[in-house]
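The values are calculated or read from the model by the stated rules, or taken from the named source; none is laboratory data. The structure displayed is predicted, hence computed values, not measured ones. Neighbour counts run over all protein chains shown; Cβ positions are idealised from the backbone, glycine included.
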Amino acid sequence: MERVLAYELARYIDQKVKLRGWVHALRPFGKLNFIILRDRTGLSQILIEEKESFKKIAHIQVGTVLSVIGKVVKSEQAELGYEIVDPLIEIESLVKDPLPIEYNKPEMNVDLEFILDHRPIALRNRKLQAVFGIQAAIAHAFRLYMHDIVRATEYFAPNIIGASSEGGAEFFNVDYFGYTATLAQSSQLYKQMMVGVNERVYALMPFFRAEKSTTSRHLAEGKQFEFEMGFFDHWHEILDVQEYCIKYIVNYLHEHCAADIAALGGQIIKAPEEVSFPRLTFAEAQELFFQRTGIDERQEPDLSPAAERELCRYSSEQFGTDLLFVTDWKIEKRPFYSCPNSEHPSLTNTFDLLCNGTEITSGGERRHTYESMLEGLALKGMSPDNFTDYLSIFKYGMPPHGGFGMGLERLTMTMLKLKNIREASLFPSDTKRIAGNRIKAKIFYGGENIRGEILHLLKNAEMEFQHLLHEPTPTSEDSARVRASKLEEGVKSIILRGKQTKKNFQVNILAHQKLDMKAVAEIIGEKCEFEDPLVIKERFGLEIGGVPPFGPLLNLETFYDEGITLSETVAFNCGLPVESIVMKGQNLITLVQPKIGKFSKN
Ligand code: ATP
Ligand code: MN
């Protein structure tokens, strides 16, 4: 029997069909029991009337893969309009463990970090599925637009290259057969070479950027839409291509992704076809920001995030579009290949496109003569020796040309009004994660490594301390005894979990104190519970008795009870239940920099 998909059921009323998919929910009501089944097109409902038949499968967990043969009937009650009755159920892949994250709820209502910790499973959530369905459609629409409308040629540039493509410090080096290579920050140099070949070119390229600060809009790895064209009468033609490109993509999404957009509550930017994106020069943009807010950033070389948001608000209020161009940027803020403006050489023929408050694209006209390129490199203090291949194209004829680079994740985030770019990357990399996984650097993971790092920090800071080896100490009293210190000097380090967000925190109190869960809930903003020792072992490589008051080394937001700040001497386990450190309370605070409050009752 051939498989039928959930969205086809209407065509099979009163017929027998075979469905295959994942158990999305089990709804036992005694007489009437339901299985909700998920396939790639949506959900379907299966009715099991007999208690006995339901009992046979009641042990299965969400995620179990089933094959179901049954009759399709129309049902007024069923939310989905149809249901399968008299089912013959076969388990294709049994799941015995309960879900680590409730992806089958419409709203997971947990912290983004928790979602990322369970990424492979969390991605099955309907909303996340919609985000990445739309992301795929964005990429497809970009290619259609470039191929069919602009008639540009797709190119495939290398990702391991010899020198940094954009200059600056934000690149990764890799060992390349004993030499040092760089991971491409963009395919800028290659797309210009390809203009010499095909005039109009585009790509969807990986990029790698060693962004050291953590923001809500930067990733260490992502994808970039690249476009470059030769021969134009005015460089603003590049902006035209960019503008139509965005409108094409938005139209495409409305036409092909209506269900996904609806799943996200209709949250998508406005870019009506008949409204041109406003084009302001950088100077005009600064002036407008000043006029609208009274905040004077007119001497700044760059737009602040607040200014970017305000400019998009202006565009939305005045014109009903969420996008806006800022052109004519100062030369010191743009890369060496940017073409200076012929009338104002301190400015460049460049632009950024802002979308819903954030930059999504940078682009512009490039220098196109050999002499001008050398001048551009010299201006930035860069050596032409690293760019021999690239420079050769300007010796052998390059037309006036330019283009843009647009981040796929940035575009997805801003188009769908997501709060954090990590929501728009399947397996995001940043300073704390590689491909979605928390970086378990040695200093962060496992008792020995954490102890080593604490000793290293203490020695570096030239602080006095005692490092004690002793028997394991199950209670605070035992600890005080083997350390020959007072009970009131002991620090208890507790790892908590937010009940709602599932986020971990560390709270530290003195050994004779009791944790005041109400006070904790207040400062953290939600009710908390103790994290499971097995999870602590798994996640941090620590035994409960070894957890040190150095939450930041575990990547945890860390709180100290004010009692600790008043304690002259403090003693604590430094990663292992059999090792302690005794030191000055003030020094500990200086090293850890915790948030301080009152979380204890005596
Ligand atoms: P920003 O100023 O936001 O750090 P940028 O000006 O350094 O970005 P460009 O070199 O102009 O970035 O890159 C072109 C586009 O690529 C950006 O407009 C953005 O959409 C995307 N992009 C650049 N860096 C990142 C990053 N670290 N994470 C995600 N997207 C990025
Ligand atoms: Mn930029």
For region 340-350, state whether one or more residues are within 11 Å of ligand 1 (Cβ to nearest atom), surrounded by 16 or more Cβ atoms within 10 Å (Cβ to Cβ) and either at pLDDT below 95 or farther than 23 Å from M413 by Cα (or both). yes
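Of the residues G403, G397, which single one is part of a strand (DSSP E or B) and either over 30 Å from T590 (Cα atoms) or modelled with pLDDT of 95 or more (or both)?
G403
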Take region 306-339 and flag every residue that is in contact with a Ser or Thr (Cβ under 8 Å, 6 or more places away or on another chain), among the hydroxyl-bearing types (S, T, Y) and away from ligand 1 (no atom under 16 Å from the Cβ). S315, T321
Which numbered condition in (1) out of contact with any strand residue (DSSP E or B) (no Cβ under 9 Å at 6 or more places or on another chain); (2) over 30 Å from G265 (Cα atoms) is the only one that Y202 fails? (1)
Would you mind stating whether I331 is within 15 Å of ligand 2 (Cβ to nearest atom), touching a residue at least 12 places away in the same chain (Cβ under 8 Å) and over 30 Å from I269 (Cα atoms)? yes
Could you check, for region 343-352, whether at least one of its residues is closer than 20 Å to V326 by Cα, within 16 Å of ligand 2 (Cβ to nearest atom), touching a Leu at 6+ places or on another chain (Cβ under 8 Å) and of a type in the set (V, I, T)? no
Which residue, of P98, P106, is in contact with a helix residue (DSSP H, G or I) (Cβ under 8 Å, 6 or more places away or on another chain) and loosely packed, with under 15 Cβ neighbours inside 10 Å? P106
Would you confirm whether any residue within region 158-169 is more than 21 Å from I393 (Cα to Cα), surrounded by fewer than 20 Cβ atoms within 10 Å (Cβ to Cβ) and more than 16 Å from ligand 1 (Cβ to nearest atom)? no
Report yes if S362 is within 18 Å of the chain's Cα centre (by Cα) and not in a helix (DSSP H, G or I), otherwise no. no
When you scan region 307-316, do you find a residue that is surrounded by fewer than 15 Cβ atoms within 10 Å (Cβ to Cβ) and in contact (Cβ under 8 Å) with a residue 24 or more places away in the chain, even just one? no
Here the residues within region 176-221 that are farther than 24 Å from N386 by Cβ and surrounded by fewer than 22 Cβ atoms within 10 Å (Cβ to Cβ) are N198, E199, R200, L204, S213, T214, T215, S216, R217, H218
Just to confirm my filter: which helices (runs of 4 or more DSSP H) fall fully inside region 40-150 and include at least 2 residues that are more than 25 Å from the chain's Cα centre (by Cα) and modelled with pLDDT under 95? 51-57
Could you identify the single residue in E371, E317, E343 that is assigned to a loop (DSSP other than H, G, I, E, B) and acidic (D, E)? E343
Screening G178, G222, G162 for residues that are touching a residue at least 24 places away in the same chain (Cβ under 8 Å) and over 27 Å from the mean Cα position of the chain (by Cα) leaves only G162
Of everything in region 205-250 that's over 20 Å from D328 (Cβ atoms) and aliphatic (A, V, I, L, M), which residue is farthest from ligand 2 (Cβ to nearest atom)? V250
Quick check on region 366-412: of everything there that is away from ligand 2 (no atom under 15 Å from the Cβ) and closer than 29 Å to L324 by Cα, which residue is surrounded by the fewest Cβ atoms within 10 Å (Cβ to Cβ)? P399
